[in-house]
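The values are calculated or read from the model by the stated rules, or taken from the named source; none is laboratory data. Since the structure is predicted, the reported quantities are computational estimates derived from the model, not experimental observations. Because the Cβ atoms are built from the backbone with ideal geometry, glycine has one as well, and the counts that use them run over all protein chains shown. Side chains included, ligands, DNA and RNA excluded: accessible areas come from the protein's heavy atoms. Shrake-Rupley method; radii C 1.70, N 1.55, O 1.52, S 1.80 Å.
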Amino acid sequence: DYTEAYGRHINGLLPPDRRIDASEIEAAFDIVGRRPQYLHAAVTRYATGDLGGGREFGSLLGLAEDERETHWDSYRRQWSSLDALQQAVLRRIIAEGDRFRPFDADSLAAYAADVGDQVAAKDVQRSLDGLREQELVVRLERGRYSLEDPSIADWLASETVSTEEDTPPSGPRP
């Protein structure tokens, strides 16, 4: 509904030769993780082009990918600032989804395996607090956490695939 309404609005403002197909707007919205601000930025760049600079107009999907890449750069910077336990907790949140329980025995064992040392519940709580401060994780209720922005899971999956190892580079150890 959102992309249809937005498409009608934006196409009403564009000249006929620059109008955007509704399916392309929907696909661009998916590319940018369903974040309206990034869709708006891509559509604006598409609509205005090079502002008279003579450059060829890019496709909306290509511009959406550029916007996503800019957004993902912030994840790269944040990831490199996380310590190993924060990275392990974030990976576990992504892997477990709604089943994520930060302090159960399986989670504590998984964190310990990732960081190569014993991990206590208080350490996990500190990591979760740090992830919340960086706006990567949101607390739903006591003992339940989720990703602030689900597109970080897509970013992490793309980084994992693009590296030769199974996991992205680690940050500093706790």
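Under the rule of at least 5 residues apart or a separate chain, name every residue whose amide H is placed under 5 Å from the amide H of Phe103.
Amide H neighbours of Phe103: none.
Sequence-distant or interchain residues sharing an amide H contact under 5 Å with Tyr145, placed H: which?
Residues meeting the amide H criterion: Leu140.
Quick one: net charge of Trp72's neighbours, Cβ under 9 Å, K/R +1, D/E -1?
Every neighbour counted, the sum reads -2.
What residues qualify as long-range amide H neighbours of Val137, i.e. H under 5 Å apart, gap of 5 or more or another chain, H built at 1.01 Å from N?
Hits under the 5 Å cutoff: Arg132, Glu148.
Defining a contact as two alpha carbons under 8 Å apart and six or more residues distant in sequence, what relative contact order in percent does the range 79-143 show?
On the way: 45 pairs, mean separation 23.4, N = 65.
In percent, rounded to a whole number, it is 36.
Round to the nearest 0.05 the FRET efficiency obtained for Ile94 and Arg8 when R0 = 35 Å and r is the Cβ-Cβ distance.
According to the calculation, E is roughly 0.50.
Across the range 70-87, in residue order, what do the Karplus-derived ³J(HN,Hα) couplings come to in whole Hz, using 6.51 cos²θ - 1.76 cosθ + 1.60 with θ = phi - 60° and x for Gly and Pro?
4, 4, 5, 4, 5, 5, 4, 5, 5, 4, 5, 8, 7, 7, 4, 5, 4, 5
So, R0 is 30 Å and r is the distance between the beta-carbons of Lys122 and Arg34; what FRET efficiency does that work out to, to 0.05?
0.25
Keeping all protein chains in place, calculate the accessible area per residue for the chain (probe 1.4 angstrom), answer in Å².
With the other protein chains kept in place, the chain gives 58 Å² per residue.
How far is helix 121-133 tilted, in degrees, relative to the longest principal axis of the Cα atoms in the chain, given as a value from 0 to 90 rounded to the nearest 10?
20 degrees
Counting other C-beta atoms within 10 Å, and keeping those with at most 12, which DSSP coil trypsin sites (Lys or Arg not before Pro) do you find in the range 1-107?
Taking the range 1-107 and a limit of 12 other Cβ atoms within 10 Å, the loop trypsin sites (Lys or Arg not before Pro) found are Arg55.
Report, to the nearest whole %, how much of the accessible area of the range 1-102 belongs to carbon and sulfur atoms, 1.4 Å probe, protein only.
About 50 percent, which is the carbon plus sulfur part of the accessible surface.
Which ³J(HN,Hα) values in Hz, rounded to whole numbers, follow from the phi angles of the range 108-113 under the Karplus curve 6.51 cos²θ - 1.76 cosθ + 1.60, where θ = phi - 60° and Gly and Pro get x?
4, 5, 5, 4, 4, 5
Return the ratio Rg/(2.2 N^0.38 Å) for the range 1-101, where Rg is computed over Cα atoms only.
So the range 1-101 has a normalised radius of gyration of 1.38.
Relative contact order for the chain: what is it in percent, counting Cα pairs under 8 Å that are at least 6 residues apart?
20 percent
In the neighborhood of Ile31, defined by Cβ-to-Cβ distances under 14 Å, what is the net charge if each Lys or Arg adds +1 and each Asp or Glu adds -1?
Overall, the nearby charge balance is -4.
To test your reading of the geometry: what angle, between 0 and 90 degrees and rounded to tens, separates the Cα axis of helix 22-31 from the longest principal axis of the chain?
Between helix and principal axis, roughly 30 degrees.
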